[in-house]
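Quick notes on the structure that follows.
The values are calculated or read from the model by the stated rules, or taken from the named source; none is laboratory data. Just so it is clear, the structure is predicted and the values come from calculations on it, not from any experiment. A quick note on method: Cβ atoms are made from the backbone with ideal geometry, for glycine too, and the neighbour counts reach across all protein chains shown.
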Amino acid sequence: MAENMFSDLSRVIEQVGKDKGIDKQVVIDAITQGMLVAARKKYGTYREIEAAYNEETGEVELFEFKEVVEREKFIDEEVEIPFDEAQKLDPNVQLDDSIGIKLEATDLGRIAAQTAKQIIMQKVRDAERSIIFNEFEERKGDIASGIARRVEKGAIVVDLGRTEAYIPPREQIPGEQYKPGDRIQGYLSEVRQTTRGPQIIMSRADERYLMKLFEMEVPEIYDGVVEIMAAAREPGQRAKIAVRSKDNSVDPVGACVGMKGSRVQNIVQELRGEKIDIVPWNEDVTRFACNALAPAEISRVFLDDTNKEMEIVVPDNQLSLAIGKRGQNVRLAAKLTTWKLDIISESSAASRTAESIFNLMLIPGMNETMAQNIFQSGFGSFQSVAQATTEDLMTIPGYDDPDKAEKLLGEAKALVAKYEADGVPVPTAPSAAKDSKSGNSAKEQADLLLKAELQKLDAQEQDNE
């Protein structure tokens, strides 16, 4: 057995290296270590044994090293050899030298040879796994295609040739069905090294898969003339991708769409009918958000840079279009811009503006123009004015003087304290429904209610005194 196992090693080494793509030296090291373990298992770990591959003879040679001692001091034949016997092996040997004695591989026996074989096979498997891991680690971020083999716990197992990849349920496009033998394509999103070998995760739901498909389909993207800035997907339903051109003569959207929509249709077909909106990217986040919400028309945009929030006002008849089916359009636009987007209709915005102006005019001495200036500076109520600093209020037109800003702050704080002390709710502007029943305009109604509230507060002040 041992003789068959270790004979003609040079042919075995060449064959394994060729079939598995493993470096010749890795195979030699594996065989050498396997021989050494087998020898130590037969002769014991107490003895000093070394293994070396002889390229000339094409075999692994085993040597046992013993210390040369005088015959009178010879004690342990396991680790020592008398001087006179050592001279027969090497006439030039000296006392205290270490002399190597060749062991025959055929003496290892069947069990030892089997142990060596197992170690060699394990080493070769490890080397093969390492090669596969390194290969796919370099390919991570690319698109790969293979054959669907089976489904394990909801994950599709894909045969990539030298190894298998997995598409977990969360990385699949909802509704897609694959039968064994079907060709399947995906994005190599993750490569892990596990005790069972490399584990490769593919995705068909990742935004990066969509971006890679455009890179493959659109030469301008591959060449770097057109750049993909962001992408957002709800796999199988709809996606948005933002692009810009580095060359003013190249239309980024047109390049991605292609002649008669041929390029984008190829990608839609690969993604099983997923609708794709191609959005022109803009450095101005307001303009970019408007592009992302297309085809809805946008009336006004209010920014909150601190919290990265955006309030977008649209005509009443555009509200459902801007929000999209089950909120899909605004959700994808928010992912694309990385801002929180709040869509409101013009009528809602007008109602809220009227409510804010009414609230701010509760401040003593406040007229409508001054309230408009305060509202447009980002303060929607006298409560928010009361929480501001003098420096914040000095940014309001007409309140750039510290004394005026301080006075406004004091009046707002006093008004907050008064409503809290009296325990009465802050009045609100009359609703549109009430306005329609009255012959007066909404503004007149608000003025009347405002005067009534101020008179009520004055009366309460006099009673308290």
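Taken over segment 229-245, the residue count meeting the criterion of being among the hydrophobic types (A, V, I, L, M, F, W, C) and either touching a Pro at 6+ places or on another chain (Cβ under 9 Å) or not assigned by TED's automatic domain parsing to the domain that holds L271 (or both) is 2.
With respect to the conditions (1) in contact (Cβ under 8 Å) with a residue 12 or more places away in the chain; (2) of a type outside the set (K, R); (3) under 24 Å from F379 (Cα atoms), D304 lacks only one, and its number is (1).
Given the criteria of a type in the set (G, A, S), surrounded by 15 or more Cβ atoms within 10 Å (Cβ to Cβ), under 48 Å from the mean Cα position of the chain (by Cα) and outside any helix (DSSP H, G or I), does A349 qualify?
Values: of a type in the set (G, A, S): yes; surrounded by 15 or more Cβ atoms within 10 Å (Cβ to Cβ): yes; under 48 Å from the mean Cα position of the chain (by Cα): yes; outside any helix (DSSP H, G or I): no.
No; evaluated as a whole, the condition is false for this residue.
Scanning segment 283-307 for residues that are in contact with a Lys or Arg (Cβ under 8 Å, 6 or more places away or on another chain) and closer than 25 Å to P252 by Cβ yields a single hit, A292. If you filter segment 254-286 down to residues that are of a type in the set (K, R) and outside any loop (DSSP other than H, G, I, E, B), you find that the one that is nearest to the chain's Cα centre (by Cα) is K275. For segment 263-295, which positions are on the phi < 0 side of the Ramachandran plot and at pLDDT below 90? Residues satisfying the conditions are A294, P295.
Just to be sure before I move on: is D142 exposed (fewer than 14 other Cβ atoms within 10 Å of the Cβ) and within 16 Å of the chain's Cα centre (by Cα) in the structure I sent?
The answer is yes for D142.
Inside segment 352-374, residues that are within 46 Å of the chain's Cα centre (by Cα) and among the acidic types (D, E) make up a count of 1. Within segment 151-162, residues that are buried (at least 16 other Cβ atoms within 10 Å of the Cβ) have Cβ atoms under 7 Å from residues that are not in a strand (DSSP E or B) in these pairs: A155/P168; A155/P169; I156/Q172; I156/Y178, counting only partners at least 6 apart in sequence or on another chain. Here is the figure for segment 249-292: residues that are within 16 Å of K212 (Cα to Cα) and without any contact (Cβ under 8 Å) to a residue 12 or more places away in the chain total 3.
When I200 is tested against the conditions (1) part of a loop (DSSP other than H, G, I, E, B); (2) more than 14 Å from the chain's Cα centre (by Cα); (3) buried (at least 16 other Cβ atoms within 10 Å of the Cβ), the lone failure is (1). Within segment 75-88, identify whether any single residue is among the aliphatic types (A, V, I, L, M), without any contact (Cβ under 8 Å) to a residue 24 or more places away in the chain, surrounded by 15 or more Cβ atoms within 10 Å (Cβ to Cβ) and assigned to a strand (DSSP E or B), and answer yes or no. Yes, because at least one residue in segment 75-88 is among the aliphatic types (A, V, I, L, M), without any contact (Cβ under 8 Å) to a residue 24 or more places away in the chain, surrounded by 15 or more Cβ atoms within 10 Å (Cβ to Cβ) and assigned to a strand (DSSP E or B). Out of I147, I119, I need the residue that is surrounded by fewer than 20 Cβ atoms within 10 Å (Cβ to Cβ), in contact (Cβ under 8 Å) with a residue 12 or more places away in the chain, assigned by TED's automatic domain parsing to the domain that holds L62 and over 18 Å from the mean Cα position of the chain (by Cα). Which one? Only one candidate qualifies: I119.
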